[in-house]
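Shown next, in structure tokens, is the structure this report addresses.
Any read-out appearing in this document is the output of simple, stated calculations on the displayed coordinates, not a laboratory observation. Source: prediction; values computed, not measured. With ideal geometry, Cβ positions are generated from the backbone for all residues, glycine too; neighbour counts draw on all protein chains shown.
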Amino acid sequence: MTRTLGLVGARGHVGGELARLLAGHDGLRLTRAASRQGVGEPLRAHLAHAPADIVLEDMSPETVATWPVDAVVLALPNGLAAAYADVLTGPRAPVLVDLSADYRFDPEWTYGLPERHRAQIRGARKIANPGCYATGIQLGVAPLLGLLAGPPQAFGVSGYSGAGTTPSPRNDPERLRDNLMPYALTGHLHEREASHHLDHAVRFVPHVAPFFRGISLTITLPLARPLERPELLARYRDVYADEPLVRVVDGVPEVRAAAGRHDVVIGGLQVDDCHAVVVVTLDNLLKGAASQALQNLNLALGLPERQGVPHDDPPAVG
Ligand SMILES: NC(=O)C1=CN([C@@H]2O[C@H](COP(=O)(O)OP(=O)(O)OC[C@H]3O[C@@H](n4cnc5c(N)ncnc54)[C@H](OP(=O)(O)O)[C@@H]3O)[C@@H](O)[C@H]2O)C=CC1
Ligand SMILES: CC(=O)N[C@@H](CCC(=O)OP(=O)(O)O)C(=O)O
């Protein structure tokens, strides 16, 4: 039986990626869509791969509450999810996946990082999809939890699609041309999110660069005891051995190769006595958002986790 999905925020970067992935998913079909602008227009006028029969609806929670769907995805800016969560309740309510940061710290919601919380996501009804940098930081740090002598430091660089479509200096290609823009030098939300879900403090400084999509994180980890490289490599390979969407490589992954891929690539993996350095790349719009949302939807709806998320590409490097 094909399940059905409604998408709120369909004209955004992430909404568009999710609609594209759903076009290749046999078990889950996009049947309703809403956005702030373009109401009454065919979704296909905005997204070439959208089903021909979908017309953009107004995005009021009251409208969305009438949709006869198995799941609803909120791909809206932060701060808007509560109005939907309030009306999509009760035993017949659809599974709700929120891409914003609104419920990532709420114990009543399930935190949707499948490689760390798969058992809880299976059958969950309300799922908070992790932040893009926070996904890379957690997967990059987790294998060394228990061996850390202090907070890992993550230096992150994102493509400007990470800043969404609302115009700002962080998604202005002219401002970013030949440039690298540091921002949120302390207290970025993803620093708090990664620290909270790792149950270990991390430090994070984000930057935005002139490329469109992809994230590179260089993470420095202070260790409680000296480690040799083979042991470091073995730890990462062991933890992710059965995870098709996390690839551990020998070389240093580069962000250009991350664009369009569904997995996180972890490499570098150098160690000097008690000082390890790990490089993590991912596509912010895919494993950082839409592919991860699809993993979560599949798990919640009882479908194969990676249906619609191809994962047999050749390695990016190494
Ligand atoms: N971009 C990324 O790399 C990632 C994003 N996320 C999160 O996913 C969510 C969606 O992100 P993204 O697709 O980049 O966002 P966009 O800015 O590209 O899209 C936002 C969508 O929300 C709609 N919208 C409704 N109300 C508003 C409003 N008041 N202001 C702006 N847009 C509004 C827009 O409608 P319309 O176009 O019709 O105006 C559009 O469909 C956000 O919460 C973001 O933090 C999470 C991980 C990664
Ligand atoms: C380049 C850029 O601006 N990136 C965004 C990350 C987007 C994201 O994933 O943030 P949410 O937690 O809001 O979902 C930022 O740093 O806020």
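Restricting the stretch 37-52 to residues that are crowded, with 16+ Cβ neighbours inside 10 Å and closer than 18 Å to Leu76 by Cα leaves a set whose member that is farthest from the chain's Cα centre (by Cα) is Gly38.
Give me the strands (runs of 3 or more DSSP E) completely within the stretch 25-90, filtered to those with at least 3 residues that are over 20 Å from Gly123 (Cα atoms) and either out of contact with any His (no Cβ under 8 Å at 6 or more places or on another chain) or within 16 Å of ligand 2 (Cβ to nearest atom) (or both), ordered by residue number.
On the way: elements: 28-35, 56-58, 71-74.
The qualifying strands (runs of 3 or more DSSP E) are 28-35.
Taking the stretch 2-24 as the search range and keeping residues that are in a loop (DSSP other than H, G, I, E, B) and on the phi < 0 side of the Ramachandran plot, which one is farthest from ligand 1 (Cβ to nearest atom)? In this case the residue turns out to be Thr2.
Total residues in the stretch 188-208 satisfying the condition of being part of a loop (DSSP other than H, G, I, E, B), surrounded by fewer than 18 Cβ atoms within 10 Å (Cβ to Cβ) and of a type in the set (A, V, I, L, M, F, W, C): the figure is 1.
When only residues in the stretch 92-132 that are of a type in the set (D, E, K, R) and part of a loop (DSSP other than H, G, I, E, B) count, which is surrounded by the most Cβ atoms within 10 Å (Cβ to Cβ)? My answer is Arg104. Comparison of Tyr236, Tyr183 shows that the only residue that is of a type in the set (Ser, Thr, Tyr), more than 19 Å from the chain's Cα centre (by Cα) and within 16 Å of ligand 2 (Cβ to nearest atom) is Tyr183. Which numbered condition trips up Glu243, out of (1) within 15 Å of ligand 1 (Cβ to nearest atom); (2) in contact (Cβ under 8 Å) with a residue 40 or more places away in the chain; (3) at negative phi? Of the numbered conditions (1) within 15 Å of ligand 1 (Cβ to nearest atom); (2) in contact (Cβ under 8 Å) with a residue 40 or more places away in the chain; (3) at negative phi, the odd one out for Glu243 is (1).
The single condition among (1) away from ligand 2 (no atom under 14 Å from the Cβ); (2) farther than 24 Å from Val248 by Cβ; (3) touching a helix residue (DSSP H, G or I) at 6+ places or on another chain (Cβ under 6 Å); (4) in a helix (DSSP H, G or I) that Ser161 does not satisfy is (1). Suppose we filter the stretch 133-187 for residues that are surrounded by fewer than 15 Cβ atoms within 10 Å (Cβ to Cβ) and among the basic types (Lys, Arg); how many remain? The qualifying residues number 2.
Of Leu76, Leu88, Leu99, all but one fail to be aliphatic (A, V, I, L, M) and away from ligand 1 (no atom under 14 Å from the Cβ); the exception is Leu88.
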